[in-house]
1. Decide, for the range 164-275, between rounded, prolate and oblate: order the square roots of the alpha carbon gyration tensor eigenvalues as a ≥ b ≥ c, take rounded if a/c falls under 1.5, and otherwise choose prolate if a/b is larger than b/c, else oblate.
2. Relative contact order for the range 149-280: what is it in percent, counting Cα pairs under 8 Å that are at least 6 residues apart?
3. Can you list the aspartates and glutamates whose alpha carbon sits under 13 Å from that of Lys139, skipping same-chain ones fewer than 8 residues off?
4. If I model a spin label as a point 7 Å beyond the Cα along the Cα-Cβ vector, how far apart are those points for Ser275 and Asp176 in nm?
5. Subtracting the Cα-Cα distance from 0.36 nm times the residue separation, let me have the gained length for Arg124 to Glu81 in nm, one decimal.
6. So what are the ³J(HN,Hα) numbers for the range 124-134, from phi and the Karplus equation (6.51, -1.76, 1.60; θ = phi - 60°), rounded to whole Hz, Gly and Pro as x?
7. Could you sort the peptides 117-130, 8-21 by per-residue average Cβ neighbour count (10 Å cutoff), highest mean leading?
8. On a 30 Å Cα-Cα criterion, which of the cross-link pairs Lys284/Lys378; Lys75/Lys263; Lys175/Lys256 come out too long?
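The values are calculated or read from the model by the stated rules, or taken from the named source; none is laboratory data. None of the values given here were measured: they were computed from a predicted structure. Here the Cβ is made from the backbone with ideal geometry for all residues, glycine too, and neighbour counts use every protein chain on show. Calculation scope for accessible area: heavy atoms of the full protein, side chains included, ligands and nucleic acids excluded. Shrake-Rupley method; radii C 1.70, N 1.55, O 1.52, S 1.80 Å.
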Amino acid sequence: MIDFMKAQIVGLDINTLKSNPNLNFCVEVNPETGELNTSLRNGKTRTPHLEAKYQSLIFKVYDSGRVIMQGSLHKFWNDGEHNHNDFTIEAIEESLVKIEALFGIKAENMVLQGIELGVNIRPRQCVDKILKHLFFHKKQPFYRQKVNGQGNYIQAEHDQFIIKIYNKGRQYALKDNLLRIELKIKKMVKLKCKQMTLQGLFNHGLHNFIGLLIDEWNASLLYDFTIRATKGIQINYSNPLYWAGLIESGRASAYKKHLAKHKEIVAKYSDDIKSQIANLIRDKATQLVGSDRVSHFTNTSKQICRNKGIPFHQDLPSIKPLLGYPYSQFNYSMNKVTRQAKLNRRCVVTGLDISMQKEDSFLLSINGLRYCYETDRKTFEQVQRRFLSKKWLDAPLEVQINEIYHGIRHRYETLSKKYKRLYREEQLQLFSV
């Protein structure tokens, strides 16, 4: 239910964040003059700052000592790749545990300045057709934006929030008929609070915002294209210019009258798409966050993280898994990396736990892949996306596992050749761990 968030980080030593091995802070400068770049594309100016990126998260450090973290928690949970699957309360907890593990930032350190609440649902009607017939939200027109290669999305902007609705399936070239409905909260007063940490949001309970999401959806003007009546008035109701004329005329009573009339016709002569979608929002949001779930993130996050196979930056082994986390020092030959991996019982290439395999193994095996599929489907899918060619996506599971197995070994051989060329065994290294 949560996606993008922007928060000021408090109670954290800035130097500790700057020296974090997972972050590479840079400052943008004008390539011609060498001066700090303070101009934005829209002509506005910005305060110079240090900036670092990690997957879908962006960290900004200002001279004043102010630290901002922003980005999609949902994408972060998917290793920065997408946000079209379900993001449950357990997944949110896992993401925040990982953030604490990597950066030492807890939920109570994040003072929210903005957040997105939304769900992905699968309506029975065509998503593009639904978008075409959404005209207004609380008398604010839905503006249509086109994103190259990702289709259209519509949004209506208000002082405290923006409601945004789009075809999620088209955004990621999926076959699914997936509709995304989200509220981008610009001012936290919209959530009945002036200042709130992310921990405070969870203590309050995400289930309390399900009604807000449904109310804002219900406040939209959707012409129901399933209306079976043949009355001439429908020609007007299906025309957004007709509704715009009523709004611009200032005749509030006339607008309300026709809105009520349209609602009456929908109830009698249509499938009532709007109510169907409201029910889907309620069901999906309740499924994601529960009806009364309150999340508490405690100091046991470190152990939870280790149990999930997520290393803390101070405990990082001397290997560099492609699916895991960047390490600052990697001046090792592959032989040294392999020996270290055997000691840590982790796959050299993926960084995943292989303690269920033979003691002398150092790469994820076919049995290890089967075990991963049975016990941790999300991690298996990450490995699948990384190492399985698209031509095998529709193949039986055993064939896919076999191809992934070969893909991992091919990657290891490639890395071996690279590091034998770059770092010879007899070559002295400047740094060591």
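1. prolate
2. 17 percent
3. Glu157, Glu216, Glu248
4. Spacing of the two 7 Å Cα→Cβ label points: 2.7 nm.
5. Roughly 12.8 nm would be gained on extension.
6. 6, 8, 4, 4, 4, 6, 5, 4, 5, 9, 8
7. Listed from highest to lowest mean packing, they are 117-130, 8-21.
8. Lys75/Lys263; Lys175/Lys256
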